[in-house]
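Taking it in order: structure first as structure tokens, then the write-up.
The values are calculated or read from the model by the stated rules, or taken from the named source; none is laboratory data. What you see is a predicted model, and the numbers here were worked out from it, not measured in a lab. Cβ sites come from the backbone with ideal geometry, for glycine too, and all protein chains shown count toward neighbours. Ligands, DNA and RNA are excluded from the accessible area calculation, which covers all protein heavy atoms including side chains. Shrake-Rupley method; radii C 1.70, N 1.55, O 1.52, S 1.80 Å.
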Amino acid sequence: MEDERARTVAVGYDRISGRYLEWVAQIEGDPRDRMLVEFAQRLPAGARVLDLGCGPGVPSTRALAQRFEVVGVDISAAQIELARTNVPEATFIHGDLTLIDLPEASLDGVTAFYSIAHVPREHHPRVFARIARWLVPGGLFLATLGATDNPDWIGEWLGGPMFFSSHDAATNRALLRAAGFTLERDEAITMHEPEGQVTFLWVIARKAE
């Protein structure tokens, strides 16, 4: 883990592992379940799916594992430990999503719920290109991305250190298209976190056939 910003995310999620799901439960208007259903409906049963930034494995990884062959990746050792307990039928990797590497065309789908915003935004083009390489032709990428211009931010979040970084929605759309994706779902959605309202860009993107 070479980047100090990545180390901040790892330490932060280790520290808040006991309270993170309590915080998630207080969010109002989160479209995660709806988007997950739409993504799953577009994949065949038994598809190979990678969940980037899987956290404690619930709710998303567990839902995916009911239908698909799932691998979850997270930078936090504490979160991965919880995920292995919560979703024993899935496989988990403790690692930085910007550094892991997988075989070309080895996945049918990739999900990234709120995790890309913890990656320095100068790395986002490379992350999107790597995801495209891992996907089979026609494979799907479901992601929650930033909707506003947000340069690197480091501070306290939920009682631990944290890092956030994102591009605006238009830039994210352009980066995905440059990586070879076509946007099949492209929706900016505002939801209410305990600290206030926040808007994310939700996309379901398909790699070119």
**Prompt:** For the range 4-73, with the dipole built from +1 on Lys and Arg beta-carbon atoms and -1 on Asp and Glu ones, taken about the Cα centre, which of Val24, Met35, Ala10 lies farthest toward the positive end?
**Reply:** Ala10
**Between the range 21-62 and the range 187-201, the alpha-carbon center distance in angstrom** = 17 Å
**Prompt:** Dividing the convex hull volume of the Cα atoms of the range 108-179 by its residue count, what figure in Å³ per residue is obtained?
**Reply:** 87 Å³
**Complete:** Residue span Val37 to Ile100: 0.36 nm per residue of separation minus Cα-Cα distance leaves a gain in nm of 20.0 nm
**Prompt:** Using alpha carbon coordinates only, what is the Rg to Rh ratio of the chain, with Rh defined as the Kirkwood radius?
**Reply:** 0.92
**Fill in**
Taking alpha-carbon centroids only, the range 140-158 lies from the range 112-138 a number of Å equal to 13 Å
**Request:** Give the residue from Phe141, Phe113, Phe164 lying farthest towards the positive end of the charge dipole for the chain; charges sit on Cβ (+1 for Lys and Arg, -1 for Asp and Glu) and the dipole is referred to the Cα centre.
**Result:** Phe141
**Request:** Please go through the range 84-133 and write out the GluC sites (Glu not before Pro) that DSSP classes as loop and that have at most 15 other C-beta atoms within 10 Å.
**Result:** Glu89, Glu104
**Fill in**
Given unit charges at Cβ for Lys, Arg (+) and Asp, Glu (-), the dipole magnitude of the range 106-209 about its Cα centre in debye, nearest 20, is 520 debye
**Item:** Whole-percent carbon and sulfur share, accessible surface of the range 99-209, 1.4 Å
**Value:** 53 percent
**Message:** Accessible area per residue for the range 1-122 in Å², computed with a 1.4 Å probe and the full protein assembly in place, what is it?
**Reply:** 45 Å²
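Stretched out fully, how many nm does the piece from Asp168 to Arg19 gain, at 0.36 nm a residue minus the Cα gap?
Numbers: separation 149, 0.36 × 149 = 53.64 nm, distance 2.91 nm.
So the chain would gain 50.7 nm between Asp168 and Arg19.
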**Request:** Once you have a ≥ b ≥ c as the square roots of the Cα gyration tensor eigenvalues for the range 55-111, tell me rounded if a/c is under 1.5, and otherwise prolate or oblate according to whether a/b is larger than b/c.
**Result:** oblate
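Computed FRET efficiency, Cβ-Cβ of Asp152 and Ala45, R0 41 Å: what is it to the nearest 0.05? Spell out each step's value before the answer.
Values: r = 41 Å, r/R0 = 0.99.
After rounding to 0.05, the efficiency reads 0.50.
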**Prompt:** Contour minus end-to-end for Thr190 and Glu4, with contour as 0.36 nm per residue of separation and end-to-end as the Cα-Cα distance?
**Reply:** 63.9 nm
